[in-house]
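The values are calculated or read from the model by the stated rules, or taken from the named source; none is laboratory data. Fair warning: this is a prediction, and the values are worked out from it, not measured in the lab. Here the Cβ positions follow ideal geometry from the backbone for every residue, glycine too, while neighbour counts run over all protein chains shown. Calculation scope for accessible area: heavy atoms of the full protein, side chains included, ligands and nucleic acids excluded. Shrake-Rupley method; radii C 1.70, N 1.55, O 1.52, S 1.80 Å.
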Amino acid sequence: MPPFFTVIGSTLILSFCCAILPAWAYREHFTSEQKSQLEKIQTVLIEAIALTDKGRTDSASLANTAAERLKEVGYQVVLDHSQPHDVLFRIKCEQHKTWEGTTSAGGDADLPDAPSRLWKGPACQLTYILGGMKIKWQKEVRTEFEDVVAAAQAAQAADPGVYALSKLQEALEKYEFPLLLASEWGHPDRLLKLLDSADTSQTRKIKIISLLGEMQADEAMPKLKAALKDRDLAKQALVAMGNLGRESIPLLIEIFNTTTQVEVQAAAAKGLGQIGGIAGDASVVLPLLAKLQDPKTDWTVLTEVAWALGKIPDKRAIQPLYDLDKKLQAIYEPDNTILKKLKEAVFWAIKQCDTWDQYS
């Protein structure tokens, strides 16, 4: 066993395995009735709560902000519990956040905007209730500061609580919870409509494309192919295509073999790994191995190739990965982060392929 493997322990392996689990995997735990309710969501009831150190305060502006944001995705919004609605969207904003429980490991709990035990400053927790049941989807929006008093003083604001809530409202105006909810509820048509809009920013389009891929929305394929013509969107479109059906494989391989852009080639490799892993299609292995063994391949691309091969365990990849690992261990550049990431990817891929071979 190469020296590299004696240095990095099983904890690293486990962390990599967890990292590739899709954040939306828990949706399979919805009942048939819940899935049907999600598909039919049209009208959203918004319930907002605003708390400062002095107690509960007016939350109308928070509710109105959420309402306007959800309308961007085409949802109808009501603010009165007595009005008919399909789902309740709850926003709880606090000057000092209180922890309300532990999120499950994996899934949303591993995302940057998941609720944090450590954060005690201003925060809004976003949840939704479907059919009277609180779903474990949970997001948290925070201010850039944790010390409210110091921030208020620096801004010459008289009331820290009011200042904190105003900053949280600004964060809600920017945070893409409407897109996340449309994805969570399985409404790709709403996302595709936004993707087509001339008013949608490039940053937002990238987020939409990413979510369409995570949703495995096959109806998005024509739009993803069209997005390949846009230099700013091509990378994300390739990655998203990797979550769709086998029909994307020939196009991904063609781009992977012909593009001269490192970022695009790396994205194509990532897409091939995703679709190969999801579909169990080994046809992507040989193109990946050819690039792995090409001495001219950029390290950034090699990193994605290694990750991809690890997702499609194939005994043909074992020896080429060991050969690459041997070459990499001869290179000592402790400050080279790109090299470090490549070594980690190769290590993980070898473990996946070699272990698979033992039990196949």
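Values computed for the structure shown
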| item | result |
| --- | --- |
| Tabulated pairs, segment 318-334, first in a helix (DSSP H, G or I), second among the charged types (D, E, K, R) and open to solvent by less than 80 Å² (accessible area, probe 1.4 Å), C-beta under 8 angstrom, 6+ apart or interchain | I318/D354; I318/D357; D325/K343; L328/K343; Q329/K343 |
| Segment 227-246 residues that are open to solvent by 40 Å² or more (accessible area, probe 1.4 Å), paired with ones that are modelled with pLDDT of 90 or more and acidic (D, E) (beta carbon under 7 Å, 6 or more apart) | K235/E263 |
| Condition broken by S197, with the remaining ones in (1) under 19 Å from A48 (Cα atoms); (2) exposed (fewer than 15 other Cβ atoms within 10 Å of the Cβ) satisfied | (1) |
| Filter result for D159 (charged (D, E, K, R), touching a strand residue (DSSP E or B) at 6+ places or on another chain (Cβ under 9 Å) and at pLDDT 95 or above) | yes |
| K205 vs. criteria buried (at least 20 other Cβ atoms within 10 Å of the Cβ), within 22 Å of K71 (Cβ to Cβ) and among the basic types (K, R) | yes |
| Identity of the residue in segment 330-344, closer than 25 Å to D314 by Cα and out of contact with any helix residue (DSSP H, G or I) (no Cβ under 6 Å at 6 or more places or on another chain), that ends up most open to solvent (accessible area, probe 1.4 Å) | K340 |
| Residue within segment 167-180 that is surrounded by 19 or more Cβ atoms within 10 Å (Cβ to Cβ), modelled with pLDDT under 95 and not acidic (D, E) present | no |
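Here is a yes/no grid of residues against (1) part of a loop (DSSP other than H, G, I, E, B); (2) open to solvent by 70 Å² or more (accessible area, probe 1.4 Å); (3) at pLDDT below 85:
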{"site": "A109", "(1), (2), (3)": "no, no, yes"}
{"site": "P115", "(1), (2), (3)": "yes, no, no"}
{"site": "G121", "(1), (2), (3)": "yes, no, no"}
{"site": "I129", "(1), (2), (3)": "no, no, no"}
{"site": "K134", "(1), (2), (3)": "no, yes, no"}
{"site": "W137", "(1), (2), (3)": "no, no, no"}
{"site": "F145", "(1), (2), (3)": "yes, no, no"}
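One line per residue, one yes/no per condition, for (1) surrounded by 14 or more Cβ atoms within 10 Å (Cβ to Cβ); (2) within 27 Å of E214 (Cα to Cα); (3) touching a Lys or Arg at 6+ places or on another chain (Cβ under 9 Å):
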residue	(1), (2), (3)
L288	yes, yes, no
P295	no, no, no
T303	yes, yes, yes
L328	yes, no, yes
V346	yes, yes, no
Q352	yes, yes, yes
